[in-house]
Amino acid sequence: MPRILSGIKPTGRLHIGNYFGMMRPAIDWQNKGEALYFLADYHALTTVHDAAQLREATRRAALDFLACGLDPAKAVLFKQSDVPQVTELSWLLSVLTPMGLLERCHAYKDALAHGKAANHGLFAYPVLMAADILIYDSDIVPVGKDQKQHVEVTRDLAIKMNETFGKDLFRLPEPSILPDLATIPGLDGQKMSKSYNNTIELFLEEKALKKKIMGIITDSTPVETPKDPETSSIFGLYKLFASPDDVAKMEADFRNGGTGYGDFKKRLFAAIWDHFAPARARREEIERDPGYIDEVLRKGAARANELANVTLKRVRTAMGL
Ligand code: ADP
Ligand code: TRP
């Protein structure tokens, strides 16, 4: 049975890009092996420096994940910081991590390119992520496309460690990335991302969701003129939510002309709202039971600790500690 592992950073509210790129594939994997998912609060600390905000975002991410279908009877859900052993493993990996490897990683490069002051945590981010993956002997890592490089770094480090300290020290993980969902478009047509301020958050109130959708940027093509569905983020998003028949209908309406963007946006709103109806109901149910999330995270941490302790012991011994 494969071991499946993934994490998500609680740096704000989860959005539709996170949902299709990472959460839903992860939830599908829970039926195919031993799945472990965590809220990467150590990683979030590279950018979030407000304790209340981090706590709130972590809890909300757990709630959203559970509402979307993560089943604690099948998958282990925990907070990254409930397994502090990963920070020790991160150090142990770092002594074999070439500076050049980290200098090539995109999160750090992007920070520099945008003139942001990068901290050491951001620079060392991929090493901690490698520790997250390797400490649970993970086989498969379901992530969005932008995390592929980090899984490759993880493999590089595992190979180096195995060459240096024993060939069976670490299992080599594989990323799992769904090709047709590789990049979910945001409100402005770019990749949906918190950093671009173009997100549609999960579980928005009805009014707020409508406002967001109606605010999608469109060109000024008149109602009667045919439009290109392929370049439209309305159509790009609609394809994720609507039935094949409804998608075909919208596509034809784009190409034939005679329908305005406002109409397409209303259809998109309805499709998103309906899609999340069952998850919304589950979310309300979870919220009525205040102890539930804590209990799930406590049990998750216990299992994650068990696994992490075994690996860390093996690595410490192999390295001479
Ligand atoms: P953000 O770009 O909003 O900061 P994160 O980097 O925290 O999002 O991404 C968390 C997870 O969600 C990652 O696995 C990432 O690849 C996935 N993801 C985020 N945005 C998208 C998107 N627009 N399309 C597909 N996957 C995405
Ligand atoms: N870096 C990932 C992201 O930004 C989150 C993450 C941390 C992660 N550790 C991980 C994902 C280990 C997969 C496996 O989304």
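The values are calculated or read from the model by the stated rules, or taken from the named source; none is laboratory data. Just so it is clear, the model here is predicted, and its values are computed rather than measured. Counting neighbours? That spans all protein chains shown, and the Cβs are built from the backbone with ideal geometry, glycine included.
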For Ala61, only one of the following conditions fails: (1) touching a residue at least 60 places away in the same chain (Cβ under 8 Å); (2) crowded, with 17+ Cβ neighbours inside 10 Å. What is its number? (1)
Gly300 fails exactly one of (1) buried (at least 17 other Cβ atoms within 10 Å of the Cβ); (2) over 30 Å from Asn162 (Cα atoms), namely (2)
Tell me the helices (runs of 4 or more DSSP H) entirely within segment 244-321 that contain at least 3 residues that are over 23 Å from the mean Cα position of the chain (by Cα) and modelled with pLDDT of 95 or more. 244-256, 261-275, 292-319
Can you work out which of the residues in segment 175-201 that are of a type in the set (D, E, K, R) and surrounded by 17 or more Cβ atoms within 10 Å (Cβ to Cβ) is farthest from Gly12 (Cα to Cα)? Lys191
Do any residues in segment 73-99 that are in the same structural domain as Glu163 (by TED's automatic domain parsing) have Cβ atoms under 8 Å from those of residues that are surrounded by 22 or more Cβ atoms within 10 Å (Cβ to Cβ) and assigned to a loop (DSSP other than H, G, I, E, B), where the two are at least six apart or on different chains, and which pairs are they? Gln80/Ala40
May I ask you to list the residues in segment 169-181 that are charged (D, E, K, R) and part of a helix (DSSP H, G or I)? Asp180
Qualifying residue in segment 121-132 (condition: of a type in the set (A, V, I, L, M, F, W, C), within 19 Å of the chain's Cα centre (by Cα), away from ligand 1 (no atom under 14 Å from the Cβ) and farther than 17 Å from Thr46 by Cβ): no
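Okay, residues lined up against (1) charged (D, E, K, R); (2) within 16 Å of ligand 1 (Cβ to nearest atom); (3) not in a loop (DSSP other than H, G, I, E, B):
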residue: Ser138; (1), (2), (3): no, yes, no
residue: Glu152; (1), (2), (3): yes, yes, yes
residue: Ile159; (1), (2), (3): no, no, yes
residue: Glu163; (1), (2), (3): yes, no, yes
residue: Lys167; (1), (2), (3): yes, no, no
residue: Thr183; (1), (2), (3): no, yes, no
residue: Ser195; (1), (2), (3): no, yes, yes
residue: Ala208; (1), (2), (3): no, no, yes
